[in-house]
Each structure stands twice: as C-alpha cells, then as structure tokens.
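A.B. asks: The structure that follows is given in the form of structure tokens.
The values are calculated or read from the model by the stated rules, or taken from the named source; none is laboratory data. Quick caveat: nothing in here was measured; it's all calculated off a predicted structure. Counting neighbours? That spans all protein chains shown, and the Cβs are built from the backbone with ideal geometry, glycine included.
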Amino acid sequence: MKVLVPVKRVIDYNVKARVKADGSGVDLANVKMSMNPFDEIAVEEAIRLKEKGAASEVVAVSIGVKQAAETLRTALAMGADRAILVVAADDLHTDIEPLAVAKILKAVVEAEQPGLVIAGKQAIDNDMNATGQMLAALLGWSQAAFASKLEIDGDAARVTREVDGGLQTIEVKLPAIVTADLRLNEPRYASLPNIMKAKKKPLDEKTAADYGVDVTPRLEIMSTREPEGRSAGIKVGSVDELVGKLKEAGVI
Amino acid sequence: MAVLLLGEVTNGALNRDATGKAVAALKGLGDVTVLCAGASAQAAGEAAATIEGVARVLVAEDPLYGHRLAEPAAALLVGLAGDYDHIAAPATTDAKNIMPRVAALLDVMVIPDVSAVIDASTFERPIYAGNAIQTVKSSDAKKVMTIRVASFDAAGEGGPAPVEAIAAGDNPGLSAWLNDEVAQSDRPELTSAGRVVSGGRGVGSKEQFAIIEALADKLGAAVGASRAAVDSGYAPNDWQVGQTGKVVAPELYVAIGISGAIQHLAGMKDSKVIVAINKDEEAPIFQIADYGLVGDLFTTVPELTEKL
C-alpha cells in the first residue's frame, strides 16, 4: 500500500507571527520557515507504517511556493521515498486555500492511487483544519480526523480520535484520509547521513495548471490586524493578597 | 437570508451553551433553523427550540447519527443546504470534522472559527494561534462556517420554536463507530465554565494534578491543562486548552505551573480575569496575567484552596 502525505511549509513553530504594518497579512519575509508540526507527525506515522510492513512506499507532496521543495527534502530526510512539488504561487505571502489544495491533492491521488493519505490536522499558519476533510469529500472517501492512534487491519483502518469529550475509536474503509493530532507519535529528527541521502531522492516538480486546478481564493482577505492586546497586571506577594484581589475583582 | 445551524448533540443531549452562542452569533443574518441529529435527538430539538433567536428546529433521529460520524452527518447537511445561505455549527471537534466536508461537497470554502460576524459575507477569524485576526469576505454562494463560541454571548430563553422531524439522509457506509472513552465528571464543562483552573508541566505528575483538581473543586471550576501537561500524561487530552485544544473565555482563569507558550495563550487570553502561579518570575504567562504570584505551586496552591 502506498501512503501519500501532504506537507506544508509554514512559519516555524517557535517564531512569533508579526502583522505587517499595512495590514495586508503576517510578515513572512526573512522569517524562519519549517514543516508544519502536524505534517511532521503525519510523515512520521507513514514512515512507521512502512517500517512495520503495512506500507510499501511513502510519497510526500507539497503545494505552494517553489521554496516548499525544502520542506519536501525534510520529509525525504525523515524517510519518505519520493516527493512531488506542486508550484501554485510565486509570492511567499500567498496561502493556497484548503479547497484548492484538496482539489490538487485529489488529482495527485488519482494519479498515484495511494491506499491511505495521512495529513496534519491543521496548519499552524491559517489554522483552518480543513484540507484532509475536504480531500475526503472530493474523493468520496472516509475520513478519520484528529488521530491519536492508527492501526491498519486488512482493508480497514482503526483510528482513535481526540474529540471534545475524550477519545473516540472508529473503523474506516480504505482508502481513507487520516489527519494527525499531536499525540499520534513523536516525529524523529533527520540524521545528517539521511539529509545527504535525501538530496538524491526523486522530487518531481509540477504546477497547479498541470492538474487543471484554479487556485483563485474564495475568501478575499480584507485586512489582517493584531489582536487586542492584554497588558500585564500586578504581582501579588502572598496567597492572602491574591485572595483579597480576587474578592475585590468580584470573581470569587 | 436563512441560516442552518448544526446543533451540538452528544448522546441525545444538546450542548445548549455552544449551540446558543452560535445562534447569538448568527441570528442577525436571518432566520436560524437548528438541526439536531442523533440516534435520539427529539429532546435535544425541544431544548434547542427554547434558545432565543431560533426560528425553527429540525430533528433527524436515526442510529446513523448516533456517533457523530462525519460522512453521514455531512450528507444530511448537504441534502438540506439548498434552502439556506449560511450553514454553520459551533466550532467543536465534531463540527471541525464535519463542516469542511460539507463545504467541499458544496464546492465552497469553509470559514472556520469565526470570531465576529461583520456582514452576511464578511467575517473575522483568528490565525497564527490568535496572533493575528483576519477579516475575510467570501465570494461563495453559500457560506459554510464554524463559530468560535468563546467570542459570543450566551443566548437567552425564547420560543418555543416549532420542532419538525425530518427523514434521515443517505448512509455513505464508509466508517463505523467502535467505542468512546469518555471520562465521567461532575465538574462543569470546560468550554462553558465560568471558572477554569489549569495545570501545566510544572505540576510534575498525574498524581500531583490532584492539587489542581482540589482547587478547581473548591471554586466549582472546570479543569484545564497545557499541551505539555497532556503530552506528559498528567492530564487527559480533552482538558487541553490552546491553539489546537479548547478555547475558553471564563470569568476567572487560573494558570498554575504553565509557562505561557503562545499556543496556550491562544486558548485562554480572552478570559476576563487571569491568575498565574509560577515559580519562574520570567514566565511569559505573567505578561498577560491580571494577578501573578511567584512561588512554589506545591505550597501556594493548597494554601489558596484552604483560604478560599
């Protein structure tokens, strides 16, 4: 079974996003970019399936600017076998909407015929949490979102999902889309020899037009602003003082 | 303009707080019809009918909807979509699973986590873990969205609106429920609680989390946790507050042994009063706390519990 893993190049998890002065968006010029953390978890899960013999090949795909090739090299260094880059934007600040990404991924799925797609549940830039579910809809496949455990059993997958009330375990028919939550696994670091090897692994370059997908956004971004600030209050010196302040504030 | 709102129904019961806040967010856009789906959903439908601003309630009772699987729920919504301009749900994990599927089936973009409704096409939503607020204008014929309920006021009592049973939709037959692991608790529900006490990595162990729980119980509060505490196994996943966990905005939020990573702040910084207890006086949580107490949580928290 082939496993397809979509990965996104996003602002690094440790970098604080800053809104551009003209309100046009978040400033990404000269900012450290990395693989979306949830996508790292997805790549790791796919590699583990291959190591267990449940998957035969892991294909990473990224849709965005050409610099996303670096993100794909990271996936290859972790252990993916090959990669597909779909260039869909020229400007670093262009975010391709999940619907357009899902349409491109649908075309990639039709060409590659994977038995399973593992995606990160959410990108930490637009916080949409949508691409996996949208891809499942377009393909007419089952979906298991927010996975914390994944087991392949013949032509089905048993997936434990993190939900508001706790955990839910479902069985989905394969092929299916699984989206990775935080506790599915702890992704490995790529070793230096594997980083070197990754440079020789195949990376195909395509464009959105190759798949006939229009990536024009449906949501026009009118403005981007900083949230209302919250300033530091006071430090209290003792529990008694804290209790007094909370009583004054009327919250206890 | 007409709005179809998927009510949050779990095991036959309506989450009135989340559903009501979503109604409050949307009622300015037109008549709100609430859909309650479940293996049993009649009682939930009758509860939804008493939310102020609800014009009509549809009840779809079928075992197919008993476990909130995305495929049948999305098929049901898509079947009803023709009559509505807005199709929405409170931004729970169920809705985040279902609504993008609905949107893609309708060939429209989903608008997740709406925190303000500007007009029928224009909405605000937080991005980058709440470090920026974006205003987006949808050009789609139908708007499919989820509502960040912590950003809206609770709905009052109204109605009762008429309740109408509807037939179940198709069964896509793609997935099956196996089991739920749901902790039973007498504490308030985290996202609607008026007070929340949360513990972080500093609490140190699952056993020591009892200190956090004791304070919560004294305050009648819900218990929350940082990602670090959940990842370390100190607290269950459904307690996580933050960018990818729950978003809360209680009257009182007490953060204990939590450093205050931006991903955690994203889930609680709209709380009315924030208290931070941490031994590290440089912890970022103090930059947003109204009242900060620098000290050892293992002595200060039991003392606080005793003195309340």
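A.B. asks: Have a look at A:GLN168, A:GLN122 and point out the one that is assigned to a loop (DSSP other than H, G, I, E, B) and within 18 Å of B:VAL230 (Cβ to Cβ).
C.D. replies: A:GLN122
A.B. asks: So which of A:LYS2, A:LYS52, A:LYS8, A:LYS32 is within 17 Å of A:LYS206 (Cβ to Cβ) and touching a strand residue (DSSP E or B) at 6+ places or on another chain (Cβ under 9 Å)? Talk me through it step by step, then tell me what you get.
C.D. replies: Values: A:LYS2 fails: within 17 Å of A:LYS206 (Cβ to Cβ); A:LYS52 fails: within 17 Å of A:LYS206 (Cβ to Cβ); A:LYS32 fails: within 17 Å of A:LYS206 (Cβ to Cβ).
Answer to the check: A:LYS8.
A.B. asks: For the subset of region A:2-16 comprising residues that are touching a residue at least 24 places away in the same chain (Cβ under 8 Å) and facing another protein chain (nearest Cβ under 10 Å), which member is nearest to A:LYS66 (Cα to Cα)? Before the answer, list the steps.
C.D. replies: To start, the set of residues in region A:2-16 that are touching a residue at least 24 places away in the same chain (Cβ under 8 Å) comprises A:2-11, A:13.
Add one more test, that the residue is facing another protein chain (nearest Cβ under 10 Å), and what stays is A:10-11, A:13.
Numbers: A:VAL10: 13, A:ILE11: 15, A:TYR13: 21 Å.
Within region A:2-16, the match that is nearest to A:LYS66 (Cα to Cα) is A:VAL10.
A.B. asks: Moving to a separate point now. Return yes when A:VAL10 is assigned to a strand (DSSP E or B), modelled with pLDDT of 95 or more and either surrounded by fewer than 18 Cβ atoms within 10 Å (Cβ to Cβ) or within 12 Å of the chain's Cα centre (by Cα) (or both) and no when it is not. Working first, answer last.
C.D. replies: On the way: assigned to a strand (DSSP E or B): yes; modelled with pLDDT of 95 or more: yes; either surrounded by fewer than 18 Cβ atoms within 10 Å (Cβ to Cβ) or within 12 Å of the chain's Cα centre (by Cα) (or both): yes.
So A:VAL10 fits the description; yes.
A.B. asks: Given the conditions (1) under 30 Å from B:ASP231 (Cβ atoms); (2) under 24 Å from the mean Cα position of the chain (by Cα), report the number of the one that A:ASP210 does not fulfil.
C.D. replies: Among (1) under 30 Å from B:ASP231 (Cβ atoms); (2) under 24 Å from the mean Cα position of the chain (by Cα), the lone unmet condition for A:ASP210 is (1).
A.B. asks: A:GLY165 passes all but one of (1) away from chain B (no Cβ under 11 Å); (2) at pLDDT below 95; which number fails?
C.D. replies: Exception for A:GLY165: condition (1).
A.B. asks: Here's a follow-up. When only residues in region B:200-233 that are surrounded by 24 or more Cβ atoms within 10 Å (Cβ to Cβ) and not in a helix (DSSP H, G or I) count, which is farthest from the other protein chains (Cβ to nearest Cβ)?
C.D. replies: Restricting to residues being surrounded by 24 or more Cβ atoms within 10 Å (Cβ to Cβ) and not in a helix (DSSP H, G or I), the top hit is B:GLY200.
A.B. asks: Would you mind finding the one in B:ALA49, B:ALA88, B:ALA120, B:ALA39 that is surrounded by fewer than 18 Cβ atoms within 10 Å (Cβ to Cβ), touching a residue at least 60 places away in the same chain (Cβ under 8 Å), out of contact with any Ser or Thr (no Cβ under 6 Å at 6 or more places or on another chain) and among the hydrophobic types (A, V, I, L, M, F, W, C)?
C.D. replies: B:ALA120
Matching residues to (1) buried (at least 19 other Cβ atoms within 10 Å of the Cβ); (2) part of a loop (DSSP other than H, G, I, E, B):
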position	(1), (2)
A:GLU70	no, no
A:THR74	yes, no
A:ALA80	yes, yes
A:ALA83	yes, no
A:ILE96	yes, yes
A:ALA102	yes, no
A:LEU105	yes, no
A:GLU110	no, no
A:PRO114	yes, yes
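A.B. asks: Only one of (1) on the phi > 0 side of the Ramachandran plot; (2) touching a residue at least 12 places away in the same chain (Cβ under 8 Å) is not met by B:TYR128, so which one is it?
C.D. replies: (2)
A.B. asks: Output the strands (runs of 3 or more DSSP E) that fall wholly within region B:131-175 and possess 3 or more residues being crowded, with 16+ Cβ neighbours inside 10 Å, under 24 Å from the mean Cα position of the chain (by Cα) and within 11 Å of chain A (Cβ to nearest Cβ), or say none. First the steps, then the outcome.
C.D. replies: Working: elements: B:132-138, B:143-147, B:163-165.
Output list reads B:132-138, B:143-147.
A.B. asks: Name the single residue, out of those in region A:224-235 being facing chain B (nearest Cβ under 7 Å) and closer than 19 Å to B:ALA129 by Cβ, that is surrounded by the most Cβ atoms within 10 Å (Cβ to Cβ). Working first, answer last.
C.D. replies: Step one: filter region A:224-235 for residues facing chain B (nearest Cβ under 7 Å), giving A:224-227, A:230, A:232-235.
Restricting the remaining residues to those that are closer than 19 Å to B:ALA129 by Cβ gives A:224-227, A:230.
Values: A:THR224: 21, A:ARG225: 12, A:GLU226: 12, A:PRO227: 16, A:ARG230: 15.
Per the criteria, the residue is A:THR224.
A.B. asks: Could you list all residues from region B:182-200 that are in contact (Cβ under 8 Å) with a residue 60 or more places away in the chain and more than 18 Å from B:TYR234 (Cα to Cα)?
C.D. replies: Scanning region B:182-200 gives B:GLU189, B:THR191, B:SER192.
A.B. asks: Just to verify a result, which residue in region A:129-143, among those that are aliphatic (A, V, I, L, M) and either without any contact (Cβ under 8 Å) to a residue 12 or more places away in the chain or at the interface with chain B (Cβ under 7 Å from one of its Cβ atoms) (or both), is surrounded by the fewest Cβ atoms within 10 Å (Cβ to Cβ)?
C.D. replies: Here is the first cut: in region A:129-143, the residues aliphatic (A, V, I, L, M) are A:130, A:134-139.
Okay, now just the ones that are also either without any contact (Cβ under 8 Å) to a residue 12 or more places away in the chain or at the interface with chain B (Cβ under 7 Å from one of its Cβ atoms) (or both), so A:130, A:134, A:136-138.
Numbers: A:ALA130: 31, A:MET134: 29, A:ALA136: 32, A:ALA137: 27, A:LEU138: 19.
Looking at residues that are aliphatic (A, V, I, L, M) and either without any contact (Cβ under 8 Å) to a residue 12 or more places away in the chain or at the interface with chain B (Cβ under 7 Å from one of its Cβ atoms) (or both), I get A:LEU138.
A.B. asks: A further question on this structure: Could you list all residues from region B:284-308 that are part of a helix (DSSP H, G or I), within 7 Å of chain A (Cβ to nearest Cβ), under 23 Å from B:LEU265 (Cβ atoms) and not hydroxyl-bearing (Ser, Thr, Tyr)?
C.D. replies: Of all residues in region B:284-308, those part of a helix (DSSP H, G or I) come to B:284-287, B:297-307.
Next, from what is left, pick out any that are within 7 Å of chain A (Cβ to nearest Cβ): B:286-287, B:300, B:303-304, B:307.
Okay, now just the ones that are also under 23 Å from B:LEU265 (Cβ atoms), so B:286-287, B:300, B:304.
Within region B:284-308, B:PHE286, B:GLN287, B:LEU304 meet the criteria.
A.B. asks: Against the definition (touching a residue at least 12 places away in the same chain (Cβ under 8 Å), over 16 Å from B:LEU174 (Cβ atoms) and at the interface with chain A (Cβ under 9 Å from one of its Cβ atoms)), how does B:PRO112 come out, yes or no?
C.D. replies: Considered against the rule, which asks whether it is touching a residue at least 12 places away in the same chain (Cβ under 8 Å), over 16 Å from B:LEU174 (Cβ atoms) and at the interface with chain A (Cβ under 9 Å from one of its Cβ atoms), B:PRO112 comes out as yes.
A.B. asks: While we're looking at this one, here's another question. Tell me, which residue of region A:37-63 that is touching an Asp or Glu at 6+ places or on another chain (Cβ under 8 Å) and not in a helix (DSSP H, G or I) is surrounded by the most Cβ atoms within 10 Å (Cβ to Cβ)?
C.D. replies: A:VAL58
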